[in-house]
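Enquirer: Next up is a structure, given as structure tokens.
Every number here is computed from the coordinates shown, using simple stated rules; none is lab data. It should be emphasised that the depicted structure is a prediction, and the values quoted were computed from it without experimental measurement. Cβ coordinates were reconstructed from backbone atoms using ideal geometry, including for glycine residues, and neighbour counts include every protein chain displayed.
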Amino acid sequence: MIRNLKALGLALIAVFAMSAIAASAASANEFHSSQENTQLTGKTTENHKFLYETGGNIVECTGGTFNGTILGKKTTKEVTVSPVYTGCTVPAVFNSPVHIDFTGCTYRFTINAAENKGPAHLICPAGAKIDITVTIPLLADCTLTVGPQTPAGTTDYSNEGTTPKRSVVVQPTQTGIVGSRDGNSLCGEATSTTGTYTGKATVEGEKNGTKEQADVWVE
């Protein structure tokens, strides 16, 4: 009898442990959408800033869009978007205009299991890199180049609005970005490992093939 009770006790402990693991997995934070195949469109809500090196000059963009898709499912642990920046300048270098060419590179945003934040990754096709070209008045241009990498720091996610038309606020704070510089040294050293990237954007969902807003959120 005692042996049977011990066996029953061990079985119950195993069941409770498996239940706890299952509950933990079920509650892991993810990106969610009310629809499958949701189109994602993000717009900057404050200036996005790239600092090539500590103490250097900031590339600042007043506008930008981010487009992606949650394919074939309503929940995911990562979202990939294609960015386009506008209104970019280097204010400290004669307010020089800047053109950013992603050459097929994208941002992949991921979320940690226990919090609404996570690492961001720069993903590029083979051999491709981001080219940030600064046109300096009356002087030689320079180009800052950033290749595929996973910088330090995190991207924070939060919900905005109410069901059924929520959106997600994305706020990256990336550090330790590796890059190189060609051309005019006004843009910085030849190489850098201390770049940073900050900004804020709101991402909305759209039901596939319609103009109707889909509910997107994180939890």
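Enquirer: Name the residue, out of Thr44, Thr162, Thr86, whose mean-square fluctuation peaks in a Gaussian network model built on the chain with Cα pairs under 10 Å.
Expert: For the chain, modelled as a Gaussian network with Cα springs under 10 Å, the answer is Thr162.
Enquirer: Still on this model: Run the numbers on the chain and let me know its relative contact order in percent, using alpha-carbon pairs under 8 Å that are six or more apart. Don't jump to the answer; show the numbers that get you there.
Expert: Working: 582 pairs, mean separation 50.4, N = 219.
The normalised contact order for the chain reaches 23 percent.
Enquirer: Gaussian network model of the chain, Cα springs within a sub-10 Å range: biggest mean-square fluctuation belongs to which of Gly179, Gly188, Gly161?
Expert: Gly161
Enquirer: Evaluate E = 1/(1 + (r/R0)^6) for Glu115 and Glu46, where r is the Cβ-Cβ distance and R0 equals 22 Å; express this FRET efficiency to the nearest 0.05. Before the final figure, lay out each step's value.
Expert: On the way: r = 22 Å, r/R0 = 1.01.
So, using R0 = 22 Å, E works out to roughly 0.50.
Enquirer: Further, regarding this structure: Residue by residue through region 213-219, what is 3J(HN,Hα) from phi via Karplus (6.51 cos²θ - 1.76 cosθ + 1.60, θ = phi - 60°)? Round to whole Hz and write x for glycine and proline.
Expert: 6, 9, 7, 10, 7, 10, 5
Enquirer: Could you list Ile70, Ile123, Ile100, Ile136 in order of exposure, starting from the residue whose Cβ has the fewest other Cβ atoms within 10 Å?
Expert: Values: Ile70 24, Ile123 14, Ile100 20, Ile136 17.
Exposure proxy ranking, most exposed first: Ile123, Ile136, Ile100, Ile70.
Enquirer: Which ³J(HN,Hα) values in Hz, rounded to whole numbers, follow from the phi angles of region 118-126 under the Karplus curve 6.51 cos²θ - 1.76 cosθ + 1.60, where θ = phi - 60° and Gly and Pro get x?
Expert: Working through the residues one at a time gives x, x, 10, 10, 9, 10, 10, x, 3 Hz.
Enquirer: Moving on to the next point. Of Thr202, Ile177, Ile70, which is farthest on the positive side of the dipole of the chain, counting Cα position, with +1 on Lys and Arg Cβ, -1 on Asp and Glu Cβ, and the Cα centre as origin?
Expert: Positive-end residue among those listed: Ile70.
Enquirer: Still on this model: Taking amide H positions as placed 1.01 Å from N in the peptide plane, with prolines and chain starts having none, which residues 5 or more places from Thr154, or on another chain, fall under 5 Å of its amide H?
Expert: Residues meeting the amide H criterion: Thr173.
Enquirer: Here are a few candidate values for Cα extents along the principal axes in Å: [x] 92, 43, 30; [y] 44, 36, 32; [z] 77, 38, 25. Which one was actually calculated from the structure I just gave you?
Expert: Checked against the structure: label [x].
Enquirer: Quick one: compute the contact order of region 45-86, relative version, from alpha carbon pairs under 8 angstrom and 6+ residues apart, as a percent. Show your work: numbers first, answer last.
Expert: On the way: 48 pairs, mean separation 14.4, N = 42.
Relative contact order comes out at 34 percent.
Enquirer: Got a sec? How would Glu212, Glu53 order by Cβ neighbour count within 10 Å, fewest to most? Walk me through the numbers before you get to the answer.
Expert: Values: Glu212 11, Glu53 19.
Lowest to highest Cβ neighbour count: Glu212, Glu53.
Enquirer: Counting Lys and Arg as +1 and Asp and Glu as -1, what is the net charge of the other residues whose Cβ lies under 11 Å from the Cβ of Val168?
Expert: Details: positive: Arg166; negative: Asp156, Glu160, Glu204, Asp215, Glu219.
Overall, the nearby charge balance is -4.
Enquirer: Could you give each residue of region 147-159 its phi-based ³J(HN,Hα) in whole Hz, using Karplus coefficients 6.51, -1.76, 1.60 with θ = phi - 60°, and x for Gly or Pro?
Expert: Here the 3J(HN,Hα) series is x, x, 5, 10, x, 6, x, 9, 10, 8, 10, 8, 8 Hz.
Enquirer: Select from Pro172, Pro119, Pro137 the residue whose mean-square fluctuation is largest in a Gaussian network model of the chain (Cα-Cα springs shorter than 10 Å).
Expert: Highest fluctuation of the listed residues: Pro137.
Enquirer: Continuing with this model, one more query. Quick check for you: which residues of region 98-113 have the amide N under 15 Å from the point 7 Å beyond the Cα of Thr135 toward its beta carbon?
Expert: Flagged as within label range: 98-101.
Enquirer: If we count other beta carbons within 10 Å of each Cβ, what is the order of Asp131, Asp215, fewest first? Present the calculation step by step, with values, prior to reporting the outcome.
Expert: Details: Asp131 16, Asp215 20.
Neighbour counts put them in this order, fewest first: Asp131, Asp215.
Enquirer: Which Cα, out of Ala128, Val90, Tyr157, lies furthest along the positive dipole direction of the chain (beta carbon charges, K/R +1, D/E -1)?
Expert: Tyr157
Enquirer: Tilt of helix 2-26 relative to the longest C-alpha principal axis of the chain, in degrees (0 to 90, nearest 10)?
Expert: That helix lies at roughly 30 degrees to the long axis.
Enquirer: Okay, moving on. Lysine pairs, Cα distance under 22 Å, 8 or more residues apart or cross-chain: how many in the chain?
Expert: The number of close lysine pairs in the chain is 27.
Enquirer: Residue separation times 0.36 nm, minus the C-alpha to C-alpha distance between Thr75 and Glu189: what's the value? Mind showing how you got there, number by number?
Expert: Values: separation 114, 0.36 × 114 = 41.04 nm, distance 4.25 nm.
Taking 0.36 nm per residue and subtracting the Cα distance, the gain is 36.8 nm.
Enquirer: About its Cα centre, what dipole magnitude does the chain give when the only charges are +1 on Lys and Arg Cβ and -1 on Asp and Glu Cβ, stated in debye to the nearest 20? Could you put the intermediate results ahead of the total?
Expert: Values: 16 positive and 19 negative charges, 175 e Å.
Its charge dipole is roughly 840 debye.
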